[in-house]
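**Q** So that we are looking at the same thing, I have put the structure below in structure tokens.
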Amino acid sequence: MAKVFIYPTNSLILSDLVERFGHTPLAMMEKIHEKISTVGVDSPPMNITPEDPKRGLKYAAVEVPAGVRGRMSLIGPMIENAEAAIIVLESIAAFGCMGCARTNELTKFLIRQRDIPILELIYPRTEEEGHDFVYRIAEFLKSLPEGEVEA
Amino acid sequence: MKDKVKIALVSCGSEFAGVQKELESAAESLNAKLVYPEMDISALDNIDKEFGLEVASPDLKLMMARAKAVVEGIANVDGVFVATCFRCAEAAIVRNEVRRYIFENSGLPVISYSFTERTAAATLLTRMEALTTIARRKHLLAREKQTGLTAGLDSGSTTTKAVIMRDNEIIGEGWVPTIKVIESAEKALQQALDQAGLKREDIQAIGTTGYGRFLIGDHFNAQLAQEEITVNSKGAVYLAGKQKGSATVIDIGGMDNKAISVQDGIPGMFTMGGICAGASGRFLEMTAKRLGVDITELGDLAVKGIDKNVEMNSYCIVFGIQSLVNSLAKGAAPEDVAAAACHSVVEQIFEQQLQEIEVKEPLILVGGSSLIAGVPKALESLLKVKVLVPPHSQLIGAVGAALLVSGYIDQE
């Protein structure tokens, strides 16, 4: 089972696909769930406090806006833990939407720097492309070694 | 308790920047509530083309779509707070245009702010208080004449001002440096009472404003403790005799500045701040001290000088003072240095604040710095418009407070 980073990081469809093939998706939903379940932190709706953008300094310098660093404090550790990644480009908002373009650029850059299997593909616009899209993701996920990274 | 004022939060993800709690907290303390304007997700599909601003960030498209929902009345709100991250150029463009769009297409008060993770509720309070006041107390701001016998107190960062007004006339004034907030307010009020020949118990109502408004408001049992944006706007147009129609008010204070676009005495768009005290009266005070003249003499000195003879940039007060010291060391004339200091302060206001509001004449300059003759001169030269400095311009907050609080006498 591999830990697979997905982009867009909040894509339910990608997350579901990764799980169906027996791997662990690294997705924003899990991170937010962790945040909002943290006892003692009261900063709704996301429970992101001023400390989080400071943690984001690990991934982006202080002159980078607080919103980027706050997001990176969630995304950065997922990138570090990833053993594979699927990046879907040019997707529609309903497929998964990451709000900040600067964060998106940095996220894609940092994951591409990792020496791990990465599948990059364009979001499908036709049914035929859709079939091919799912097929390529399935093949990629099947190609990931099971259990290798758990050790 | 009155109904909560509903403020639409139009931001590009303040939830991710660690400031959401501070935003909510500032709103809550004013009995207001932040709401996300509802809209259909399909509104995002073409919003950049509809709005005419194509941007890469989906959250900025969301801001435009939410602004449209507010303008079209799909979202029922009383005011709008537009916020984006500090240092993001793309967001700064959208923030300004969204704010302008809402202001021009709805009757709603709107303010904008760029935040960092260090933004605290206290920083936001004055801005949000102005927003809720405009939404909640429009009837109060419509008051054009002072009635009865009232006192206004303005507890500023540098000086505390007091006025006594009776039947639409100023009959007493007080002006002291702010040291201990309450003691300074007591002294200023006493000065004003002495000049008017009155006792404290003669006063029918007291209004307070400025940084220390809540503290002195409690101390004097004031009927009104109100932020400076609305009070100073009102005071400015009242003293300038420009209560009807549009006007622009620039208030150069001791610690920060306000640029306010006013319509019929009610603030519309406004900005507050300045990156550093280099853009405020504090820099002029330090300049006067370094030149060995009293602050009251700096203006006359500046009028005699030529600002272009001295290179000075007070974007940061520390660097500004360095330029000042360097220019004097090179043998610059004190009058040129004084003129350059006035020009630099005005230039900071122009670069940092006036870009965000539309300057409509008359341009009314108020606050203590307006009395330094070099300042209005520099502003006129930079903006190429006539600058109006009304009588008692340094007492603007106190006059505004005395005027507005007279509305409470009628209510009683």
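**Q** What is the Cα centroid distance between region B:17-37 and region A:83-151, reported in whole angstrom?
**A** When both Cα centres are located, 36 Å separates them.
**Q** As a test of reading the structure, rank B:V5, B:V71 by solvent-accessible area (1.4 Å probe, protein chains only), most first.
**A** B:V71, B:V5
**Q** What whole-number distance in Å separates the alpha-carbon centres of region B:177-207 and region B:333-391?
**A** 31 Å
**Q** So how exposed is A:E105, as accessible area in Å² (1.4 Å probe, rounded to 10)?
**A** 100 Å²
**Q** Same structure, new question: When the scattering of chain B is computed by the Debye formula from its Cα atoms alone, each counted once and equally, what is log10 I(q)/I(0) at q = 0.10, 0.11 Å⁻¹?
**A** Each listed q corresponds, in turn, to -0.69, -0.82.
**Q** Further, regarding this structure: Does anything in region A:29-71 have its amide N under 17 Å from the 7 Å Cα→Cβ label point of A:E105, and if so which residues?
**A** A:59-71
**Q** For a Förster distance of 56 Å, can you work out the FRET efficiency between the beta-carbons of A:A94 and B:N221, rounded to the nearest 0.05?
**A** 0.45
**Q** From zero up to wherever the largest Cα-Cα distance of region B:294-353 sits, split into 5 Å bins and tell me the percent of pairs in each.
**A** P(r) for region B:294-353, in whole percents per bin: 4, 22, 28, 27, 16, 3, 0.
**Q** Please sort by residue number the chymotrypsin sites (Phe, Trp or Tyr not before Pro) in region A:81-148 whose DSSP state is loop and whose Cβ has at most 10 other Cβ atoms within 10 Å.
**A** On the way: sites: A:F95, A:F109, A:F133, A:Y135, A:F140; in loops: none.
Answer in residue order: no site qualifies.
**Q** When only Cα pairs under 8 Å and 6 or more residues apart are kept, what is the percent relative contact order across chain B?
**A** 15 percent
**Q** Accessible area lost on pairing B with A, both sides, 1.4 Å probe, Å² to nearest 100?
**A** The contact between A and B buries close to 1900 Å².
**Q** With every protein chain left in place and a probe of 1.4 Å, what is the accessible surface of B:L215, to the nearest 10 Å²?
**A** B:L215 has an accessible surface of roughly 90 Å² with all protein chains in place.
**Q** Averaging over all projection directions, find the projected area of the Cα convex hull of the protein assembly as shown and quote it in nm² with one decimal place. Don't jump to the answer; show the numbers that get you there.
**A** Numbers: hull surface 120.0 nm².
It is 30.0 nm².
**Q** Taking trypsin sites (Lys or Arg not before Pro) as candidate sites, keep only those in a DSSP loop with at most 14 other Cβ atoms within 10 Å, then name the longest stretch of chain B containing none of them.
**A** That gives B:3-117 as the longest site-free run.
**Q** Could I ask something else about it? For region A:3-144, rounded, prolate or oblate, judged on the Cα gyration tensor with a ≥ b ≥ c (square roots of eigenvalues), a/c < 1.5 rounded, else prolate if a/b > b/c? Write down the numbers at each step before the final one.
**A** Values: a/c = 1.86, a/b = 1.73, b/c = 1.08.
Judged from the Cα gyration tensor, region A:3-144 comes out prolate (a/c at least 1.5, a/b above b/c).
**Q** Can you give the local net charge around B:L395? Use residues other than it whose beta-carbon is closer than 9 angstrom to its beta-carbon, Lys and Arg +1, Asp and Glu -1.
**A** Neighbourhood net charge equals -1.
**Q** Please give the charge dipole size of region B:166-265, origin at the Cα centre, charges +1 on K and R Cβ atoms and -1 on D and E Cβ atoms. Round to the nearest 20 debye.
**A** The dipole of region B:166-265 has a size of about 160 debye.
**Q** Give me the percent of accessible area attributable to carbon and sulfur for region B:130-276, probe 1.4 angstrom.
**A** Whole-percent figure for carbon plus sulfur exposure: 49.
**Q** With unit charges on the beta carbons (Lys and Arg positive, Asp and Glu negative) and the dipole taken about the Cα centre of region A:100-151, which residue among A:I118, A:L106, A:V134 sits farthest to the positive side?
**A** A:L106
**Q** Turning to a different aspect of this structure: In debye to the nearest 20, how big a dipole does region B:5-58 give about its Cα centre with +1 on each Lys and Arg Cβ and -1 on each Asp and Glu Cβ?
**A** On the way: 4 positive and 10 negative charges, 49 e Å.
In total the dipole reaches around 240 debye.
**Q** May I ask you to give the percent of accessible area on region A:3-144 that is carbon plus sulfur, with a probe radius of 1.4 Å?
**A** Numbers: 3720 of 6850 Å².
Whole-percent figure for carbon plus sulfur exposure: 54.
**Q** Same structure, new question: With a 1.4 Å probe and all protein chains kept in place, how much accessible area does A:E80 have, in Å² rounded to the nearest 10?
**A** 90 Å²
**Q** Can you give the local net charge around B:E117? Use residues other than it whose beta-carbon is closer than 14 angstrom to its beta-carbon, Lys and Arg +1, Asp and Glu -1.
**A** Values: positive: A:K54, A:R55, A:R69, A:R71, B:K21, B:R87, B:R118; negative: A:E51, A:D52, A:E63, B:E15, B:E22.
Around B:E117, the charge tally is +2.
**Q** Considering every residue in A:92-104, what mean count of other chain Cβ atoms within 10 Å of its Cβ is obtained?
**A** Details: counts 3, 7, 3, 0, 0, 6, 4, 11, 12, 10, 7, 4, 3.
Taking all residues of A:92-104 together, the mean is 5.
**Q** Rounded if a/c is under 1.5, else prolate if a/b beats b/c, else oblate: with a ≥ b ≥ c from the C-alpha gyration tensor eigenvalues square-rooted, which is region B:5-136?
**A** oblate
**Q** Quick check on the protein assembly as shown: helices-only [θ] at 222 nm, where DSSP H runs of length 4 and up contribute -39,500 (n - 2.57) each and the sum goes over total residues. Nearest 500, please.
**A** Values: 21 runs with 250 residues, N = 563.
It comes out at -14000 deg cm²/dmol, rounded to the nearest 500.
**Q** To continue, here is another question. Place a +1 charge on the Cβ of each Lys and Arg in the protein assembly as shown and a -1 charge on the Cβ of each Asp and Glu, then give the dipole magnitude about the Cα centre in debye, rounded to the nearest 20.
**A** 1140 debye
**Q** Cα gyration tensor of region B:207-293, axes a ≥ b ≥ c as square roots of the eigenvalues: rounded (a/c below 1.5), prolate (a/b > b/c) or oblate?
**A** oblate
The values are calculated or read from the model by the stated rules, or taken from the named source; none is laboratory data. Nothing here was measured: the structure is a model prediction, and the numbers come from that model. Cβ sites come from the backbone with ideal geometry, for glycine too, and all protein chains shown count toward neighbours. Note: areas computed on protein heavy atoms with side chains; ligands, DNA, RNA excluded. Shrake-Rupley method; radii C 1.70, N 1.55, O 1.52, S 1.80 Å.
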